[in-house]
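Okay, so here's the structure we're looking at.
The values are calculated or read from the model by the stated rules, or taken from the named source; none is laboratory data. Quick caveat: nothing in here was measured; it's all calculated off a predicted structure. Cβ coordinates were reconstructed from backbone atoms using ideal geometry, including for glycine residues, and neighbour counts include every protein chain displayed. To get the accessible areas, we keep the full protein, side chains included, count just its heavy atoms, and leave off ligands, DNA and RNA. Shrake-Rupley method; radii C 1.70, N 1.55, O 1.52, S 1.80 Å.
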Amino acid sequence: MTPLPSFVRSVENRSAWWLRLARLDWQATAVFILPFFLYWLTLAPTIYNLDSAEFTTAVASNGLIRATGYPLYLLVGKVWSWLPLSSDMGYRMNLFSAFLSAVTLLQGEYILRRLKVEPWLRLGALGLLATAPYFWAMSLIAEVYTLHTALMAGIILSLLRWTDEPTPLRLALPIFLMTISLGNHMATVLLVPGAVWFVLTSQPDQLKKWRVWAAAGTAVLLGLTVFLVLPLRYASQPLFNYAGEYDAAGVFHPVNLMRFSGVWWLITGQSFAGQMFGYQLSELWPQVAAYGAQLWTAFLAIGIGPGLLGLVVLTRRNWRLGGLLLLIFLANAIFYINYRVVDKDTMYLPTYLIWAIWLGVGYQQLALWLQNLVQPQLPPWLLRGVAIGAVLLAVALNWSLVDRSADWSTREIAETILAEVEPNALVLGWWDTVPAVQYLQLVEGQRPDVQTINRFLIPGAAMEELILSQLDERPIYINNPSMALLQQATAVPVGPVYKLERRLVPLP
Amino acid sequence: MSQERKEAVQRLGITLLVLLAGVLLLPYVGSARAAINWELFGDAYTPDLSVSDNIGAPGSQFAFTGSGYQPNRLAIIFVNGQVVGGVTTDGNGTGRFIIDTTGVPDGELTVVMETDANVSAFKTITVDSAEAVVAPPGGFSGPILGTTGSSTFLPFVQR
């Protein structure tokens, strides 16, 4: 009897499906899917605060961000934002960070495979990275840090791939990634010493070939094209622009990004230069200790000993690769320890990634050490149990510290302000209020009559002059009035801000 | 104990030592764990002024803490528009001071801590003879700044 054609197709489809499943790299899939699922469960449900609100609003409204401009984030974030993942743009961009974290971990998996670390120990090492409090927290909100770690892992992986077969094109890939990564985070320059060390010590003869230089130069030029996003967006005169300054008349003067000097000012972050290496020598030790404590917490104490072991073992086994990782680690740690900003704890993620690689190698060394014992079955499973158990413990301990799944506070604050302020109001505030209000206005179309100014973009004297000149003409709201303003006006609490009302008799 | 077994015990011991090395650092690291949310870094952008008590009888000493200011900067302290002193912020941008209300009549005092027009925060306290005299919390330290409290009309902030 001849079977029906549809039945034949069904059997064939099923077997093809099973074949595909059997071919699936389950370990890599798990390293990607498990953390992504964890991040999805704890993801911030809508627009988040501070920088996160600024990034989301700029991506969604084709705007411009303050220094260092972050053109790559603006570009790839825009592409991501087109995916129909949610009607809430804030949620979509938060999910972007979760996705990039999972990509970072996936590449970490491939790096550890190359270093011959066994599957359970890879999962243990990368699991601790995935659940480290700040790595987890930065995966739940729109931020540039997980794009940075994803690119960084890609650079390390592509450099390793280049040493397998050192062709000019294979070297061009890490160079391209590094250049384009500058468009996401200028801290990419901290990867350069390690990468140069690795290339020079691994294949110095390659540098004598003109093809290598031609490929490298092409990669740099291609990577630099990402910075064209800045003049292109500037030319479209975006409504959301954090690259410029308001004057005392309330007129915004954008930095001219059609000129090289303007782009250079923005991307080099000269406005933050004062914070770099901002500690006296006597102030440094507490900063070093604080970083050590943060690393200890990130890897749940259990990852410290094996991590150090991995550093030593890897450096002895492959001093070129060891030098690459050590230089990247030291450059990032030293720079951020010396960076005088309050939120620098969020910026150490590159050092976590390196530590996770060392941790995997350290775990593997312990596993080798335990081989060929009297009871050969017990110790390896003991070690795997410890590695995986530590990850589960980290999930349990850190969940409540990082979970943002019920955090609607930023949207609520911004909606309260827009609901309370009078028509044609001027609202001045800092990062905790203004970017989120601008998100509601520019992305969701709420209250276009209200003008909002981030005080970051207006000098204090100009702000006082602007407010005093308009105090009788329109309602003015501010988060923290200065003394000079309080002498001319009373402050009436309205939601999270104050409405200023001119005094009948000014104070002396 | 056979040589093999002895070696196995040694290796197991060294493995445990490496795994637990980080735990041994616990006394030097501490175990303070805080939720990571935007409020944790909100001060990086917004100055804030907090006070130990909002109300107290004349003679009370109110302990103020300003945070989120520029580090190592002189902040001017105003009470009802009058300069009463200054405080230099520490390396974290925090400054502490005490307002002494001895001789101040009942009423509201608006206290402002300001480094410049864009970095300013205020808090209102009430002096009320019907309340108890309040003092700074134990261990609180900062310059004690006196005020007459009656130099300008009140209040800065309407409720």
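One line per residue, one yes/no per condition, for (1) more than 13 Å from chain B (Cβ to nearest Cβ); (2) open to solvent by less than 20 Å² (accessible area, probe 1.4 Å); (3) not hydrophobic (A, V, I, L, M, F, W, C):
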{"site": "A:319", "(1), (2), (3)": "yes, no, no"}
{"site": "A:352", "(1), (2), (3)": "yes, yes, yes"}
{"site": "A:369", "(1), (2), (3)": "no, no, no"}
{"site": "A:405", "(1), (2), (3)": "no, no, yes"}
{"site": "A:410", "(1), (2), (3)": "no, yes, yes"}
{"site": "A:413", "(1), (2), (3)": "no, no, no"}
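In segment A:326-344, is there at least one residue being open to solvent by less than 40 Å² (accessible area, probe 1.4 Å), within 9 Å of another protein chain (Cβ to nearest Cβ), in a helix (DSSP H, G or I) and more than 30 Å from residue A:382 (Cα to Cα)? There is at least one residue in segment A:326-344 that is open to solvent by less than 40 Å² (accessible area, probe 1.4 Å), within 9 Å of another protein chain (Cβ to nearest Cβ), in a helix (DSSP H, G or I) and more than 30 Å from residue A:382 (Cα to Cα). Against the numbered list (1) buried (at least 19 other Cβ atoms within 10 Å of the Cβ); (2) in contact (Cβ under 8 Å) with a residue 40 or more places away in the chain; (3) within 13 Å of another protein chain (Cβ to nearest Cβ), residue B:60 comes up short only at (3). Taking segment A:262-273 as the range and being within 23 Å of the chain's Cα centre (by Cα) and without any contact (Cβ under 8 Å) to a residue 60 or more places away in the chain as the test, the residues that pass are A:264, A:273.
Yes or no, residue by residue, for (1) open to solvent by less than 10 Å² (accessible area, probe 1.4 Å); (2) over 29 Å from residue A:273 (Cβ atoms):
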{"site": "A:57", "(1), (2)": "yes, no"}
{"site": "A:60", "(1), (2)": "no, yes"}
{"site": "A:69", "(1), (2)": "yes, no"}
{"site": "A:82", "(1), (2)": "no, yes"}
{"site": "A:85", "(1), (2)": "no, yes"}
{"site": "A:100", "(1), (2)": "no, no"}
{"site": "A:107", "(1), (2)": "no, yes"}
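Checked against (1) over 22 Å from residue A:188 (Cα atoms); (2) open to solvent by 20 Å² or more (accessible area, probe 1.4 Å); (3) in the same structural domain as residue A:356 (by TED's automatic domain parsing); (4) not polar (S, T, N, Q), residue A:288 meets all criteria but (1).
Touching a Leu at 6+ places or on another chain (Cβ under 9 Å), more than 9 Å from chain B (Cβ to nearest Cβ) and modelled with pLDDT of 90 or more: is that true of residue A:421 in this structure? Spelling it out, it is not the case that residue A:421 is touching a Leu at 6+ places or on another chain (Cβ under 9 Å), more than 9 Å from chain B (Cβ to nearest Cβ) and modelled with pLDDT of 90 or more. Residues in segment A:79-122 that are touching a residue at least 60 places away in the same chain (Cβ under 8 Å) and touching an Asp or Glu at 6+ places or on another chain (Cβ under 7 Å): 1 in all.
Just one of the listed residues (A:163, A:131) is touching a helix residue (DSSP H, G or I) at 6+ places or on another chain (Cβ under 8 Å) and buried (at least 18 other Cβ atoms within 10 Å of the Cβ), and it is A:131.
Residues that are in contact with a Leu (Cβ under 9 Å, 6 or more places away or on another chain) and of a type in the set (A, V, I, L, M) were ranked within segment A:216-231; the one that is surrounded by the most Cβ atoms within 10 Å (Cβ to Cβ) is A:230. Considering the conditions (1) open to solvent by 10 Å² or more (accessible area, probe 1.4 Å); (2) within 14 Å of chain A (Cβ to nearest Cβ), residue B:102 is excluded by exactly one of them, (2). Go through the residues of segment A:250-261 one by one and say whether even a single one is surrounded by 13 or more Cβ atoms within 10 Å (Cβ to Cβ), among the β-branched types (Val, Ile, Thr), in contact (Cβ under 8 Å) with a residue 24 or more places away in the chain and in contact with a helix residue (DSSP H, G or I) (Cβ under 8 Å, 6 or more places away or on another chain). There is no residue in segment A:250-261 that is surrounded by 13 or more Cβ atoms within 10 Å (Cβ to Cβ), among the β-branched types (Val, Ile, Thr), in contact (Cβ under 8 Å) with a residue 24 or more places away in the chain and in contact with a helix residue (DSSP H, G or I) (Cβ under 8 Å, 6 or more places away or on another chain).
With respect to the conditions (1) open to solvent by less than 60 Å² (accessible area, probe 1.4 Å); (2) facing chain A (nearest Cβ under 7 Å); (3) free of Cβ contacts under 8 Å to residues at least 24 places away in the same chain, residue B:81 falls short on a single one, namely (3).
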